[in-house]
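Only one structure is covered here, and it is reproduced in the block below.
The values are calculated or read from the model by the stated rules, or taken from the named source; none is laboratory data. In this text the structure is predicted, and so the values were computed from the model without any measurement. No Cβ is skipped: glycine too gets one built from the backbone with ideal geometry, and neighbour counts run over all protein chains shown. For the accessible areas, the whole protein counts, side chains as well, though only heavy atoms, and no ligand, DNA or RNA atoms are used. Shrake-Rupley method; radii C 1.70, N 1.55, O 1.52, S 1.80 Å.
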Amino acid sequence: MLDGKKLSSSQTLTFEIQSNLKHLDQVLERFDQLYQPWIIKKDWLQCQLALAEGFTNAVRHAHAQLPEITPIKIEFQLQSERLEIRIWDQGSPFDLLEYLDKLQGKERQLQSHGQGLFILQKIATHLSYTRTADQQNCLLIIKTLSR
């Protein structure tokens, strides 16, 4: 269930949704509210994919041991030169850079799962995962948009 929706003139949209993969379509529908005709289709599709991977990781990994009613907060901010996606989860802290560094030298074989963070890394201009003061984690995905 979606609540707390906000769409402002600064092209920011923030909402919370239950931690369940069945809500992914609703997350993507909310994202589509920000679409602007000047955004190149490839950039938009990459951002949709990054959002889907980030939300899926929050549900499957960060919230794996938490009740389904545990909310995930999502914020989109569209600016003329970039799109920012923030996904807050309530799971245990995770060191994204250390994880990516460990796997950097290993052969990555195509699998049915486990490639999400690498996809995010490829798409994002900036990618970070930090613990906030209120004991949540924030995945920040920034994509510089083509012109």
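Within the stretch 36-48, being open to solvent by less than 90 Å² (accessible area, probe 1.4 Å) and either in contact (Cβ under 8 Å) with a residue 12 or more places away in the chain or touching a strand residue (DSSP E or B) at 6+ places or on another chain (Cβ under 9 Å) (or both) holds for 36, 39, 40, 43, 44, 46, 47, 48.
Checking the stretch 11-34 against the condition returns no match, with no residue being modelled with pLDDT under 95 and loosely packed, with under 11 Cβ neighbours inside 10 Å.
Does residue 134 qualify as being charged (D, E, K, R), at pLDDT below 90 and over 16 Å from the mean Cα position of the chain (by Cα)? Judged against the criteria, residue 134 is not a match. Determine which member of the set 66, 51 is among the hydrophobic types (A, V, I, L, M, F, W, C) and open to solvent by 20 Å² or more (accessible area, probe 1.4 Å). 66 is the lone residue from the list that is among the hydrophobic types (A, V, I, L, M, F, W, C) and open to solvent by 20 Å² or more (accessible area, probe 1.4 Å).
Here residue 126 meets the list (1) at pLDDT 95 or above; (2) surrounded by 14 or more Cβ atoms within 10 Å (Cβ to Cβ) almost entirely, failing just condition (2). Whether a residue is at pLDDT below 95, hydrophobic (A, V, I, L, M, F, W, C) and surrounded by 15 or more Cβ atoms within 10 Å (Cβ to Cβ) was assessed, and residue 76 does not pass this test.
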